[in-house]
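Values in this text are rule-based calculations from the coordinates and carry no lab data. Since this is a predicted model, take the numbers as computed values, not measurements. Neighbour counts are summed over all protein chains in view; Cβ atoms, including those assigned to glycine, are modelled from backbone coordinates with ideal geometry.
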Amino acid sequence: MTEWSITNISRRGLLKGFGSAGSLVLAAQILPIRTLSAQETPVYGAAAMPHGTVNNPHVFLSIDPDGGVTIVSHRAEMGQGVRTGLPMIVADELEADWSRVRVVQAPGDEPKYGNQDTDGSRSTRHFMQPMREAGAAARMMLEAAAAARWSVAADEVEAKNHEVTHKPSGRKLGYGELAADASALEVPEKDKIRLKDPSQFRYIGKDMPIIDGFDITTGRALYGIDTRLEGMKYAVIIRPPVFGGKVASLDSAEAMKVPGVEKIIELEGGVEAPSKFQPLGGVAVIARNTWAAIQGRDALKVTWDNGSNGSYDSRAYRKELETTARKPALIVRDDGDVDAAFGEAATTIEAEYYMPHLAQAPMEPPAATARIVDGKCDVWACVQAPQATRVEVSERLGLPIEDVTVNQTLLGGGFGRKSKPDFVAEAALLSKAMGGAPVKVTWTREDDIRHSYYHTVSVERIEAGLDSDGKPVAWRHRSVAPTIGSIFVPDPKHEAPFELGMGFVDLPFAIPNIRCENGEAAAHTRIGWFRSVSNIPHAFAIQSFAGELAAAAGKDQKDYLLELIGPARIADLRSVDSLWNYGESLEVYPIDTGRLRRVVEVAAEKAGWGRELPPGHGLGIAAHRSFVTYVATVVEARVEEDGALSIPRVDVAVDCGAYVNPDRIRSQMEGACIYGLSLALKSEISFKDGRVEQGNFDDYEVARIDEAPREIHIHLAEQNFDIPPGGVGEPGVPPFAPALTNAIFAATGKRIRNLPIRNQLRS
């Protein structure tokens, strides 16, 4: 069994190592990208990419004279398995022996690697084709080198399992023997690259253990918090408790008495929207170890100017959102004649759904180390977005971007929080203040919970007009939520097109009259990416309401959901201006209701939909398309007489198009169920007097092991390489909460419209 290890290398080390004599070095040359406008999605680092293209990603593949193959992983590994999946693709097309492959982690370098921001469930979606082409091009170069060596026709040779064979004679040459000759050849043009037929795949589509597994399970894996440099100083920061606040007065005398504390540094505060990725400010304690820094921070005496958000109260703000949701708002989709249809409807049903702010709460809080030497800054950090990090550090320090190197460590979870590199900028500023000495900034759990970029709070109001058979003839949905765009531009108040396109304006229901409206909502804290983003509140409302309509019509909720979806077809959404489709072409990734129907049918079948259940048990179903992947979830809920909730079983059907490593897909979907359970059952960020009221896992609760589903069954659609790959990391989250609340209704008759559930079942 191969014992894997991951190497982090500098740009200079990468080029030096790959430029050694006798080695084959390959950089994939792919067509340039189309840059999306700021109105479509916030752009940072490299822009979001359409399917199958990347901005000239020098995704290096190297074969050494001894036959060893080195593949660069240019995306962040945070448990999703990307450091295994992308190299698997290259190795398969290369016909490499997987046991002879070494993976190295690339530094942040957009000109070489293209977009490295690991978010949006797009790593495989955007890089499967370029990785295939890189591996196939190298295979063809090795075959050409062997044919030239033997003076035979190219079609007489074949690369397989790390060697090239002359088919008529049986002669063989290993990849290492051919590397020098192959390196002298021209890389095949894109249109000349010969890809494998999928039937020939050796690794793609097969279960493969992650290459980080050995290091992670033996404690050898290095995360952001594990960085150690000679002469390193340790820092923690007390930040303004209210977004936009700053230091009014500071007394650091007692802090300086703490053994190990070396310096107190005040950081500029008063950050107001748009905040982008800049630090919040505050006071940093520099010490010889983290514990001394924490003790010193506890001894600081700071008074704060809370700024304009000091009165933010999330309970009062919820009432504002509800008031807005009950009034006409900006129309962002308008099909048919909604007003007339409501006027002719036999009955009208309406409901409001609420979801609070949420924190990503990755197991590893943010951590970063920075060092400045000879006017150049090196950072080591657990970031999802090395390019955005590089830009942020460059701007904060006033350095040319080429003088900033971002070394990407393993991430102990990300969920969108580590796409925002404010914590790296803090380390860089403190290193500068310490004369360039290496400084590591560690965020405690309390720092992470109280100073995050929070998932938006939202109120979703839906009304439906039904005919005499209980079928909807009119649908009006109002969504009111502060936008992520508020960290990029001043007070936009409306959700951005990319948020509206997450299960709201792209609703694929077969209803003739649909209107979607978006009410104004100001942001009073930092709003950021969260695993599956606005799909979560939209899916919770829509799929919960579908269950309510089924009950009102006296119909089975699965059957009714299929009626809402309607016949298999490509949804026509030409009425929606600037429809955002996760950065993808609707021609390549159409909204296919046949695929949505199929996951509903599979999940229901596998869950034994319609089976007799014990008293207090109920089945709930929900389905959602997000990140161009289709997921349906069936939850079996058990509710005791005292309101205690347990989940005996969950079934998830997934259609993500072509896929690489099914083991990782199952793991991602299992994790999504736990994540979805946490946000549905217990998690909430609330504000009073502008301050976050939670601070650790005792009051910002996540699902405990005894609350997890007893069984989770993942059902993957049959592999189909004619369908391009979709996202995997995020799409499993949105259907879970509505499937759970629909199951609770089936078990108890109690309708849950406000999250988290917590003690609502005990009342």
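Quick look at the values:
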{"quantity": "Ascending count of other beta-carbon atoms within 10 Å, so fewest first, for M434, M669, M78", "calculated": "M434, M78, M669"}
{"quantity": "Structure-based [θ]222 nm, the chain - -39500 (n - 2.57) summed over DSSP H runs of at least 4, per residue, nearest 500", "calculated": "-8500 deg cm²/dmol"}
{"quantity": "Alpha carbon centroid spacing (whole Å) that separates the stretch 110-134 from the stretch 274-347", "calculated": "32 Å"}
{"quantity": "Cα pair distances of the stretch 652-763 binned at 5 Å [whole percent]", "calculated": "2, 10, 17, 19, 16, 13, 10, 7, 3, 1, 0"}
{"quantity": "Tensor-based shape of the stretch 522-585 (alpha-carbon gyration tensor, a/c under 1.5 rounded, otherwise prolate or oblate)", "calculated": "oblate"}
{"quantity": "Gyration tensor (alpha-carbon) shape descriptor, the stretch 356-451, a/c threshold 1.5", "calculated": "prolate"}
{"quantity": "Neighbour-count order for S308, S99, S667, fewest beta carbons within 10 angstrom listed first", "calculated": "S99, S308, S667"}
{"quantity": "Once the Cα gyration tensor of the stretch 602-675 is diagonalised, semi-axes √(5λ) in Å", "calculated": "27, 13, 10"}
{"quantity": "Dipole magnitude (debye, nearest 20) for the chain, charges at Cβ of Lys, Arg, Asp, Glu", "calculated": "1160 debye"}
{"quantity": "FRET efficiency estimate (nearest 0.05) - Cβ-Cβ, S249 to A568, R0 60 angstrom", "calculated": "0.35"}
{"quantity": "Length gained when the stretch D706-N720 is fully extended (0.36 nm per residue, less Cα-Cα span)", "calculated": "1.3 nm"}
{"quantity": "Neighbour-count order for D305, D339, D706, D655, fewest beta carbons within 10 angstrom listed first", "calculated": "D706, D339, D305, D655"}
{"quantity": "Convex hull volume of the stretch 202-256 per residue (C-alpha atoms, cubic angstrom)", "calculated": "227 Å³"}
{"quantity": "Under 21 Å from K263, Cα to Cα: lysines that are on another chain or at least 8 residues apart", "calculated": "K233, K246, K301, K432, K440"}
{"quantity": "Neighbour cut-off at most 14 other Cβ (10 Å), DSSP loop, GluC sites (Glu not before Pro), the stretch 555-627", "calculated": "E587, E612"}
{"quantity": "Percentage relative contact order, the chain, counting C-alpha pairs under 8 Å, at least six apart", "calculated": "14 percent"}
{"quantity": "Paired Rg and Dmax values of the stretch 246-379, which use every Cα atom, in angstrom", "calculated": "24.8, 77"}
{"quantity": "Loop-located trypsin sites (Lys or Arg not before Pro) in the stretch 538-610, at most 11 other Cβ atoms within 10 Å (DSSP)", "calculated": "R574"}
{"quantity": "Debye log10 I(q)/I(0) at q = 0.12 Å⁻¹ for the stretch 301-402, Cα point scatterers", "calculated": "-0.83"}
{"quantity": "Kyte-Doolittle at least -0.5, axis length at least 30 Å by Cα - qualifying DSSP helices, the chain", "calculated": "123-150"}
{"quantity": "Coil-residue GluC sites (Glu not before Pro) of the stretch 214-322, DSSP, other Cβ within 10 Å capped at 10", "calculated": "E230"}
